[in-house]
Each structure stands twice: as structure tokens, then as C-alpha cells.
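Participant: A single structure is presented below for examination.
The values are calculated or read from the model by the stated rules, or taken from the named source; none is laboratory data. Computed from a prediction, not measured in an experiment: that's the story for all the values here. Here the Cβ positions follow ideal geometry from the backbone for every residue, glycine too, while neighbour counts run over all protein chains shown.
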Amino acid sequence: MGKTLFEKIWESHIVVEKQNEPDLIYIDRHLVHEVTSPQAFDGLRMNNRKVRRPDLTIATMDHNVPTSDRSLPILDQTSAVQIKTLENNCKDFGIKLFDINSPNQGIVHVIGPQLGITLPGSTIVCGDSHTSTHGAFGALALGIGTSEVEHVLASQTLWLEKPKTFEVRVEGKRKNPHAVTAKDIILSIIKNIGTAGGTGTVIEYRGEGISDLSMDQRMTICNMSIEGGARAGLVAPDQKTFDYLRGREYTPKNYESLVDSWRDILKTDSDATFDKQFILDINDIAPQVSWGTNPGMTCDIDEPIPSPDKFSNGDVNQKKGAEKALEYMALESGTMIEDIKIDRVFIGSCTNARLEDLIEASKIIQGQKVAPNVSAMVVPGSQMVKKQAEEMGLDKIFLDANFEWREAGCSMCLGMNPDILSPGERCASTSNRNFEGRQGNGGRTHLVSPVMAAAAAINGHFVDVRKLDLN
Amino acid sequence: MKGNIIKYARDNIDTDVIIPGEYLKVHDYTELATHAMEGLDPDFHSKVKEGDFILSGKNFGCGSSREHAPIALSHSGIKAILALSFARIFYRNSVDGAFLLPIEIDQDAYDGISEGDEIDIDVSKNEIKNITKNQTYKMKPFSEIIGKIIAAGGLFKYKPDQD
């Protein structure tokens, strides 16, 4: 019987395999950031261990770096210590670091692909749940915890239970690709399968609705696999993938021969079967807006907020969850999404802060101004994205519209640096999690695409971008 | 293993409420523990006792890979989480660092156990005894693989069986 792409990558990375034991899996690339690594390095020191393959380990600082003027000292002392600690650890253990002043600094999941570090068919880990992003290149990319980070640093391997396989197939061709974006596709998938729908599985996204997407868009899809509970998400590499990675700073020298070897192998065989399947027609997808406190609590832009009864389908805890979510979000069921007014707009994060995201958002706001009483910011995913955007004049478009234009980092996605919501503030955010307090204690997050966030910034409330002329 | 229950009757308790992002800079585990569950239950720190268990619904620990989440709970005194299901990274983090036991329960146990109940978990028999209510429930056995990592005392102590 044929094999899925995931199974092929898994099997080609097994170091030790025994019945009723986890598989010991070889890790090709280990990405490290300042927040989930300090204890791992401490563990190495305590046990007199070295980093097994510093040449396969790459570090950057993204989670708590300030996005304001980088020539100024970092005011938050605990952040400064954590950043300094990563610098010292990378120096002590011989690891390549893109520090706060590096032109390659950025969100770890944005810089990996951009630098050609992320490769098809490879195994990639990082102490961050959104590592699934790299799956867009046909890599098996897993988010891990700090104990596992230490294990990979020490051995370049991990003991893992083999996940099950999950096919998510998106059929059809988008009629309005500028309005219905990759973000809407993935939010719609999560709304349907639920936040635990993918638990214990690796999702392979397939179908015309996926292969039509650009690499930036595929990354948005794979990025949020974890919000559907999956271990990882991936897309089989194709010509777009191979073209994207060609000629980047860390793309291997023998790239063309690698591409030749990938072309035939890195796909799911036609007779392979998946443990689970979900199929969606792309033309059933509208722009999405989350109304609750997890990414599954999402509805179409032209729908009212559902009642907890309707949302829960008879499940007591789901109903209670929806009631609590509405209370936290200060919303009522029946309210039309377009009637929800916002205070803040955040265009950023590893989900939606790549160049294409910024280009699409800039088209919406060009020549217009952010609504009074709304404050809006753009935080590019990496310094390289920022530079490319500036070369295209996007910074000027955003600044002219009264957006702030910041330095790269995770920023307001998770509220570790000074970019946070105040209690009660309502934000249209291109990030990945609308959990309670995620963007700041008491803050209210609505997950949307970059074009939806941009349109909300201009109008002061959500609007259906399908009604705008986007071509 | 005996302890009292702190019950959160809801699904999807995420790592951002278990330990909000602003505390991921804190390296001192005792201090980290003072902020455990702060995003959901600001009284948690004052009510939790050494040896307590948390009982909750589906998809416990969803979200971020922060190992700070099981660490903060463990250093608050929590020895096990009983939940209808777990998010995978939280589950592995709990076991890898031997911080606490993630125990999957069925609907009967979830409905039957109340806040404050004293329970006794017997992992060898896959049994949960409710001492307060004199009831017994089954726990879902750990997979063979996870059971071995737990028995070893964490990821770094685990070695596969020799032939």
C-alpha cells in the first residue's frame, strides 16, 4: 500500500524503532528563541553536555523584543535579561544567532523559510507551537516543550509517538482570492473540525484550494494547524515551493539536485490512505471573524454571533464556554459581526506578517485614514520583510493612513513585550489566538485576515471585504 | 496518590490562562507558581494546597508550547490534572519534565467528582477512588510509550527496553 507524505518523512528519519516504544526521530533543523530555551541550556550545563549539532541549530529573538526604536535600551529588565541570556547561551554553545540588530532578525517562523533554512522533507523543531508553519514547505515541523528542546540540543533526536494522519482537502477555485484569504480558509477549517479536531494527528492540506495558494498563504494555513489541535500540518512541495527557496542565504549549494530528488518522493502516493478526512469547498468560505475566546468560535462576516445553544449543538461544556466567551468579549448573540466596533488593529504575527500580507492590507488602506478612536499598528514578521516592504513604499502607505510601522517581532500576538491591549480594548488582529488575556489582561481579540483587519481599521468596525473593489 | 479536587467545569483551558505570556520571562519557579491560573482564577494561588488535583473538561492545555504551564501548576502543588482530553504538547511537557500526571478520565468521573472532593488515584490499577463520595471510576490507561517515560521519571531518564 502507498504511503502518505508524512509517513515518508517520518520513516526516513527513524534512528531507533522498537515495538511499543516511541520512535527516536532525527531532527534536521532546530530553531531556538529566547523564551523556551534558557532552562534547556541550564540543563546542558548542569549535566556537562554540549550542543550535539550547533551547525543545525539557529537562534533568534522574537517573543519579547521591543518593536520600537532599536537604538534605545530595553526598558523591561526581565526582557533584557532573557535576551542577554540567549546571547550568552549562543556564544557559549557555538550557535548562530540573529540578534536584535541583525538584518535577519524576525519571528522564528518567518525567518526560517526566508533564509532557506526550512527545507522540504526535513524534520524541524522549535520550542514554539506555531512551528507547524514550516510544514508549508513539505517539512515535518513540530512545536516542542523546553525538556524536548534540551533533548534535541543534546542529541539532535527526539523520542516521539507516531501521530496519525489527517487529510484536509480544500476543493475548488476561489472566485475572490483577495477577499477570501488563506486566513479565512484555516479559520473555517478550525470552526468545522473544532479546536481539538486534529489532536494526535499530522494534517496534510490537499486539493486545488491549497495548491493554488502562494507560499506565504500556505504558511498561514499550516501555522494554525495547532489551533485545530494537530501536531503539525503540511503541504506537499511543488514548483512554487522549489522556486521560493532557490538562491536564499542558507539554501544548500546542491539545491537543484535536491529538488530533483524531492520531486518524485515528497508526495502522498495515490493509493495511500489517511486515518481521518475532512473536505471543504472553497466557495463555501466567507471572510471569517472570531467572536469568542478560542479560534473555533468563529463565524462568517455576514452572519450574526450564534447563540450558545446553536453553537454548542447540545454539548453542556461547549454551551457554558460560549456563554463565558460572550461575557468576556462583551458581546451578545444575534449581533451582526459588521456592527462590532473596534479600538485597536494589529497586523502582525507568524500567521500573517509576511510581505504578501502587508501588500494585500496596504491596498485596502491606500489613500485613506484609520478611523478616529482606532489605533492601528503593523509589525512586520521579520526585518527582511520590513526592508522589502519599505523598498515597495508600503511603510509610507501605512504611515500616511496613520498606522504605526514597527520593528519585527511577535509583539501584540502574545503580549510579552510592551505592545499590549488595555483591559476592555477590542482588537482586530491578524494573529492566531483569541484566548482570554492573550493580547493583554482583559483585552478582547477578534482573529481576522490582514485585509479584514485593514478594512476594520479604516471603518472603525468590521466590514465585508467582498464588497470592496480589491482588483 | 491522594489529594483534593479543584474543578474547572469547562473545555479548552489554554496555556495563556494557565500562565499568561507576561510571566514567561520569570525564571524562578516559586515566583512563576504565584501566577498559575491567574488568567482564569485569580484566587487559585491562595486556595491551592500541596497535593491537590485539577479536574477539567476537554482539550486541557491547548495553545502554546510553553513548559512554564505544567511547571507553574506543579510548583503550585498540583500533582495531577484529570481531564476529558488534553492538548498534545501540554501532555508531553507534563510527562517529559515529570512535572505532573496528565490523566484522561471519562464523562462519569467528570460528572461525579466535585470541587473539594478527596480522591485517591491508583495508576497501577487505572482507578480513581472518590473518598468523599465513596465512588470509583476508571482512568484511561497511559499508552505504553507514555507509561514508560513516566515510570522512568521523565524524558532524560527514559531508555528503551533492552532486548
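Participant: Can you confirm whether the stretch A:31-46 contains a residue that is of a type in the set (Phe, Trp, Tyr) and within 14 Å of another protein chain (Cβ to nearest Cβ)?
Facilitator: Yes, the stretch A:31-46 has at least one match.
Participant: A follow-up question, please. Of all the helices (runs of 4 or more DSSP H) wholly in the stretch A:145-211, which have at least 1 residues that are of a type in the set (S, T, N, Q) and within 19 Å of the chain's Cα centre (by Cα)? Show your work before the answer.
Facilitator: Numbers: elements: A:146-155, A:182-193, A:208-211.
Because the criterion is at least 1 residues that are of a type in the set (S, T, N, Q) and within 19 Å of the chain's Cα centre (by Cα), the helices (runs of 4 or more DSSP H) in the stretch A:145-211 that meet it are A:182-193, A:208-211.
Participant: What about A:Ser431, is it surrounded by fewer than 18 Cβ atoms within 10 Å (Cβ to Cβ), in a loop (DSSP other than H, G, I, E, B) and within 14 Å of chain B (Cβ to nearest Cβ)?
Facilitator: Details: surrounded by fewer than 18 Cβ atoms within 10 Å (Cβ to Cβ): no; in a loop (DSSP other than H, G, I, E, B): yes; within 14 Å of chain B (Cβ to nearest Cβ): yes.
No, not satisfied.
Participant: Right, another one. Applying the selection to the stretch B:16-28, what residues are more than 13 Å from A:Thr36 (Cα to Cα), of a type in the set (Val, Ile, Thr) and facing chain A (nearest Cβ under 8 Å)?
Facilitator: Selection gives B:Val17 alone.
Participant: In this structure, does A:Ser129 turn out to be surrounded by fewer than 20 Cβ atoms within 10 Å (Cβ to Cβ), hydroxyl-bearing (Ser, Thr, Tyr) and within 14 Å of chain B (Cβ to nearest Cβ)?
Facilitator: Judged against the criteria, A:Ser129 is not a match.
Participant: In the stretch B:29-140, which helices (runs of 4 or more DSSP H) lie fully inside it and hold 3 or more residues that are at pLDDT 95 or above and away from chain A (no Cβ under 14 Å)?
Facilitator: Result: B:44-47, B:107-112.
Participant: Go through the stretch A:136-183 and report how many residues are touching a helix residue (DSSP H, G or I) at 6+ places or on another chain (Cβ under 9 Å) and within 14 Å of chain B (Cβ to nearest Cβ).
Facilitator: Count: 22.
Participant: Output the residues belonging to the stretch A:300-356 that are in contact with a Pro (Cβ under 8 Å, 6 or more places away or on another chain) and more than 14 Å from chain B (Cβ to nearest Cβ).
Facilitator: Passing the criteria: A:Asp300, A:Ile301, A:Ser333, A:Gly334, A:Thr335, A:Met336, A:Ile337, A:Ile347, A:Gly348, A:Asn352, A:Ala353.
Participant: Which residue out of A:Val81, A:Val168, A:Val125, A:Val180 is β-branched (Val, Ile, Thr) and in contact with a Lys or Arg (Cβ under 6 Å, 6 or more places away or on another chain)?
Facilitator: Values: A:Val81 fails: in contact with a Lys or Arg (Cβ under 6 Å, 6 or more places away or on another chain); A:Val168 fails: in contact with a Lys or Arg (Cβ under 6 Å, 6 or more places away or on another chain); A:Val125 fails: in contact with a Lys or Arg (Cβ under 6 Å, 6 or more places away or on another chain).
Residue meeting the stated conditions: A:Val180.
Participant: Within the stretch A:73-90, is there a residue that is touching a helix residue (DSSP H, G or I) at 6+ places or on another chain (Cβ under 6 Å), part of a helix (DSSP H, G or I) and in contact (Cβ under 8 Å) with a residue 24 or more places away in the chain?
Facilitator: Looking for residues that are touching a helix residue (DSSP H, G or I) at 6+ places or on another chain (Cβ under 6 Å), part of a helix (DSSP H, G or I) and in contact (Cβ under 8 Å) with a residue 24 or more places away in the chain, one finds at least one in the stretch A:73-90, hence yes.
Participant: I'd like to know if the stretch A:390-409 contains one or more residues that are crowded, with 24+ Cβ neighbours inside 10 Å and either within 14 Å of chain B (Cβ to nearest Cβ) or part of a loop (DSSP other than H, G, I, E, B) (or both).
Facilitator: So far as the stretch A:390-409 goes, yes, one or more of its residues are crowded, with 24+ Cβ neighbours inside 10 Å and either within 14 Å of chain B (Cβ to nearest Cβ) or part of a loop (DSSP other than H, G, I, E, B) (or both).
Participant: Please determine whether any residue of the stretch A:195-204 is more than 11 Å from chain B (Cβ to nearest Cβ) and closer than 30 Å to A:Lys363 by Cβ.
Facilitator: no
Participant: A follow-up question, please. Quick test for you: out of B:Glu127, B:Glu118, B:Glu144, pick the one residue that is of a type in the set (Asp, Glu), more than 29 Å from A:Asn432 (Cα to Cα) and touching a residue at least 40 places away in the same chain (Cβ under 8 Å).
Facilitator: After applying the criteria, what remains is B:Glu118.
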